[in-house]
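Have a look at the structure below, then the notes.
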Amino acid sequence: MNLSIQSAIGIVMDTHQKVIAEELQIPVHKVTATVELLEDGATVPFISRYRKEATGSLDEVQVATIRDRLADLAELDKRRKSIIESLSKRDLLSDALQNSLEKAKSLTTLEDIYLPHKVKRRTRAMIGREKGLEPLARELFQQQEKKIDPSVYINAEKGVISIDDALAGARDIIAEWINEDQETREQLRRFFAQKADIVSTLVKKNQEKGGKFRDYFDWKEGTAKAPGHRLLAMFRGEQEKVLSLSVRPAEELVLPLLNSRFLKKGVDSKQVVLAIADGYKRLLGPSLEKELRNSLKERADLEAITVFGDNLRELLLAAPLGQKRLMSLDPGFRTGAKLVCLDEQGKLLHSTTIYPTMGGSIEKAAGTVKDLCRKYKIEAIGIGNGTAGRETEAFVRDLELGKEILITLVNEDGASIYSASEVARREFPDYDLTVRGAVSIGRRLQDPLAELVKLEPKSIGVGQYQHDVNQAELKKGLEDVVVSCVNSVGVEVNSASLELLTYVSGLGSSLAASIVRYRDENGPFTSRKELMKVPRLGAKAFEQCAGFLRIHGAKNPLDASAVHPERYKTITKMAKDADCTVADLVNNEAVRKKVDIQKYVSDSLGLPTLQDIMAELARPGRDPRESFALFSFDEGVHAIGDLIPEMRLPGIVTNVTKFGAFVDIGVHQDGLIHISQLADRFVKDPTEVVKVRQQVRVRVLEIDEKRGRISLSLRDV
């Protein structure tokens, strides 16, 4: 490859960093430092938590955005390289073309530049050129005052039988020129983005199977402001062949734009007018509509993935009950309720089945629960909120087990998926699905994060249209959320599951498995330093993971904190200067107040990290999640038939979307609070008002029992 091509494809990293810095409106040196750390193998949580001096305290979102944009620009470079190589091999790479390709800042611009030179299948314009009609096309397109004689291009051997044949072939060539004109495409692309409508109509033969798309049987709205959830709904309807969609501006708005761009005044431009109309209808319109559809889909996907991610974060960071001895019930009517007892760490102690909703079995079930509560010193009872959940909860509460035993419903979404998973089979090879599901419900009450990481994130059920969005982007976005949550909470290395350890910064599944094996063979870790003995866990992995792993009860109290081991020497010096021990710094606020952190600032250690260290010393290893708050539904409401308008009821938010929030009010069917009913003011985004797992009090607006729909409000409650 010659040097000119090498320079064309080698867009230097400095350029990428400048582009990203401009887009994010942050200084270039912060982007450069972040890029260097990422290239050195640092993770997003590690960079945002432990390298604040280098990045200027960029947060996780900014660091992740830099990472993602870097990948996007790499893809742009890869495509640029491919195009330049193709043009070079075909001897089409002029200096001007190469320069244009080098300057292209987006994939769209790059493809527009390449379009006229792209290897195509045989087009109508190609056929026109083969017939010798390009000179005629050029004459017509120039729109000169001199008279043009198309008859001279008649050539029976080439298939040009008449003047009409000649003019038609010339128009095909002009239409392709218009379609491939870069400035035209850019202008029209902007117009499409601003003025296009999405028009949805019913495919009548499929009306019966498409009832869920009824709202879109005759629908039209501007794409610029169309919300993502409606776009995804219409795209799904089209995919299921219930809806027919058009996504472009009205033709009467577009053609005048093209005519004003290409037509000359005062001359006969009839053939060019026809070529413009044909080119738009056959080439330019469909091409730009496809682009716009892709753009709208990407926008809607991003919105849906963001909503899903926000909901998932709230669910993962839901308040844990903590280390309590639990009884967990997975309810059922005919099959009974599977009952398990767990110790403080979630270890299975006992399992059985009771029938608390079946006539003659109720008394026996009551005796079983009471006996097991005494035997295993049960502190809390968690009951799955699915089928027979409310009835089982009422049964347990009627037993009057004492105020010291907490009783609560637990969201069991995904428990059945876990129970049939490879993870569950590995954990409980000798137990069936029902036992595994009950254990999962109980553990979810103890620590939602530790249990939910065992599920594929999209199966948890707090998203909208998750099966319609780009699955690779969804997986990446949700994994980022899980990684962020796990590392923000921290992980107790001696009790964490393989799945939880997998998400710790710098580990992954292989090193997580090595940690578990080492722990099984050698007993609990006694210090963070001991992690270095784990096979294949080298210095780089230790650097990335150590600050996020906790060892409670270690000799060094810092091992139970979020202070990174690389800062232990600084804290030891602080203690020495204060004439105390490290433990004194942790336990004594008066001693900490005497520490002047300015004295410990160095080239590699700045105030941001020192301030983090002092905050961590004040509450070492503290859990950032909220404290557990007991929740219970209205005792008189168990089914949708119990509801009447204007009822005021307690509820818990199960899902937040762009159009509102779904709330569980204990009737086995979530109600919807439309965005307009979230507050007595304009609400742009429901997350301004509610979040998943939030306890709310709602007012019942309407009940459609036949369709299973409940409308709720947060106003006037």
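The values are calculated or read from the model by the stated rules, or taken from the named source; none is laboratory data. Note that the structure is predicted; figures quoted are calculated from it, not measured. Glycine gets a Cβ as well: all are built from the backbone with ideal geometry, and neighbour counts include every protein chain shown.
Could you give me the residue pairs with C-beta distances under 9 Å whose first residue belongs to the stretch 302-325 and is closer than 13 Å to residue 484 by Cα, whose second residue is of a type in the set (Asp, Glu) and assigned to a helix (DSSP H, G or I) wherever it lies, and which are 6+ apart or on separate chains? Listed by first residue and then by second, the contacts come to 309/480. Residues in the stretch 282-295 that are among the charged types (D, E, K, R) and either in contact with a Leu (Cβ under 9 Å, 6 or more places away or on another chain) or under 20 Å from residue 223 (Cα atoms) (or both): 289, 290, 291, 293.
Regarding residue 183, is this residue loosely packed, with under 12 Cβ neighbours inside 10 Å and within 24 Å of residue 290 (Cβ to Cβ)? Criteria met by residue 183.
Once the stretch 1-59 is narrowed to residues that are β-branched (Val, Ile, Thr) and closer than 23 Å to residue 83 by Cβ, the residue that is modelled with the highest pLDDT is 20. When you scan the stretch 508-519, do you find a residue that is more than 25 Å from the chain's Cα centre (by Cα), part of a helix (DSSP H, G or I) and in contact (Cβ under 8 Å) with a residue 40 or more places away in the chain, even just one? Checked the stretch 508-519: no residue is more than 25 Å from the chain's Cα centre (by Cα), part of a helix (DSSP H, G or I) and in contact (Cβ under 8 Å) with a residue 40 or more places away in the chain. Considering the stretch 239-282, the residues that are more than 45 Å from the chain's Cα centre (by Cα) and not in a helix (DSSP H, G or I) include one that is modelled with the highest pLDDT, namely 263. Here is a check on your reading of the model: is residue 560 surrounded by fewer than 21 Cβ atoms within 10 Å (Cβ to Cβ), out of contact with any Phe, Trp or Tyr (no Cβ under 7 Å at 6 or more places or on another chain), farther than 26 Å from residue 625 by Cα and not polar (S, T, N, Q)? No. Taking each residue of the stretch 383-406 that is in the same structural domain as residue 335 (by TED's automatic domain parsing) and of a type in the set (Phe, Trp, Tyr) and looking for partners that are surrounded by 17 or more Cβ atoms within 10 Å (Cβ to Cβ) and not in a helix (DSSP H, G or I) with beta-carbon atoms closer than 8 Å, six or more apart or interchain, yields 395/356; 395/357.
Residues that are part of a strand (DSSP E or B), free of Cβ contacts under 8 Å to residues at least 60 places away in the same chain, in contact with a Leu (Cβ under 8 Å, 6 or more places away or on another chain) and not basic (Lys, Arg) are absent from the stretch 678-688 altogether. Restricting the first member to the stretch 421-437 and to residues that are over 15 Å from residue 451 (Cα atoms), and the second to residues that are in a loop (DSSP other than H, G, I, E, B) and of a type in the set (S, T, N, Q), the beta-carbon pairs closer than 9 Å and six or more apart or on different chains are 434/335. Checked against the criteria, residue 97 counts as of a type in the set (A, V, I, L, M, F, W, C) and under 42 Å from the mean Cα position of the chain (by Cα).
In the stretch 440-462, the condition of being touching a strand residue (DSSP E or B) at 6+ places or on another chain (Cβ under 8 Å), closer than 30 Å to residue 298 by Cβ, in contact (Cβ under 8 Å) with a residue 12 or more places away in the chain and crowded, with 22+ Cβ neighbours inside 10 Å is met by at least one residue. What are the residues in the stretch 531-587 that are touching a residue at least 60 places away in the same chain (Cβ under 8 Å), part of a loop (DSSP other than H, G, I, E, B) and out of contact with any Leu (no Cβ under 8 Å at 6 or more places or on another chain), if any? Within the stretch 531-587, 552, 562, 564 qualify.
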